[in-house]
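Input: a single structure, listed below in structure tokens.
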Amino acid sequence: MHLYGQYCPVARAAEILADRWTLLIVRELLADVDHFNELERGLPGISRSLLAERLRLLVDTGVADRRAAERGRRVEYRLTAAGRDLKRVIDVLGDWGAHWAFGEPRTDELDPIVLLWWMRRRVCFDRISRRRVLQFDFQGLPGSYWLVLEPTEASVCLQHPGFGIDLFIRAEIAAFYRLWLGRWTLSQAMDGGLLWLEGSPSDVRGFPRWFSWSPMAKSVRAASGDQQVAAS
């Protein structure tokens, strides 16, 4: 932790939160991702040692709690009241980013596993009446990916899960990211020939309702609208 040597609330907050990866770890914890391995999956590029170091800092500064594992259970990290209060910071930062720093996606930002991991934790389980298996094929990327949706849980699979496929999703991955983050609607992506759904009519209709989509989508849509107005 870098100490700025300034008796200022902004400096004190920056000492805790301004190091690389820290705010993204808080973002994941706010999404109820509370185990070390799950945090690592949602943060590709972070080393295990750095993740452990950042989590230790959040615990030492009172932003998070580390709950020791009981027999047969994993260690959990949960935000304290101080950590949960950072939701306001994350929301404001995301809104600012959507308006002022969110251009077209870079190639190194288009990770299909991260995308499916985000989708996994935004499933609307009250709308899943039975198991549904979704196969994703992204143009230009080798292999397929799967989401298995059950009425109470969802799983990301990198190998065929062994069940019949209910819905095939074929897409240009940048288009699907735009859809997920609210820059495009499903009809825009499909009408533009950048996304195809193949399955029963009920599953095709149900697909957009199975997810609550990105928590940043509202800010991204608002920013896109503002930019279109400014350009007209």
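The values are calculated or read from the model by the stated rules, or taken from the named source; none is laboratory data. Everything numeric here is computed off the predicted structure, so don't read it as measured data. So basically every Cβ, Gly included, is an ideal-geometry build from the backbone, and we count neighbours across all protein chains shown.
Observations on the structure shown:
- Scan the stretch 200-224 for residues that are among the small types (Gly, Ala, Ser) and touching a strand residue (DSSP E or B) at 6+ places or on another chain (Cβ under 9 Å) and the total you get is 3.
- Restricting attention to the stretch 162-183, the residues that are among the hydrophobic types (A, V, I, L, M, F, W, C), part of a loop (DSSP other than H, G, I, E, B) and at pLDDT 95 or above add up to 2.
- Subset of the stretch 3-47 (residues that are hydroxyl-bearing (Ser, Thr, Tyr), under 28 Å from TRP117 (Cβ atoms) and surrounded by fewer than 16 Cβ atoms within 10 Å (Cβ to Cβ)): SER47
Residues checked against (1) free of Cβ contacts under 8 Å to residues at least 60 places away in the same chain; (2) in the same structural domain as LEU167 (by TED's automatic domain parsing); (3) hydrophobic (A, V, I, L, M, F, W, C):
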| residue | (1), (2), (3) |
| --- | --- |
| SER49 | yes, no, no |
| VAL123 | no, yes, yes |
| PHE136 | yes, yes, yes |
| LEU141 | yes, yes, yes |
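- Members of the stretch 62-111 found to be among the charged types (D, E, K, R) and in a helix (DSSP H, G or I), listed by number: ARG84, LYS87, ARG88, ASP91, ASP95, ASP108, GLU109
- Residues of the stretch 184-199 classified as among the small types (Gly, Ala, Ser), touching a strand residue (DSSP E or B) at 6+ places or on another chain (Cβ under 8 Å) and either in a loop (DSSP other than H, G, I, E, B) or surrounded by fewer than 14 Cβ atoms within 10 Å (Cβ to Cβ) (or both), total: 0
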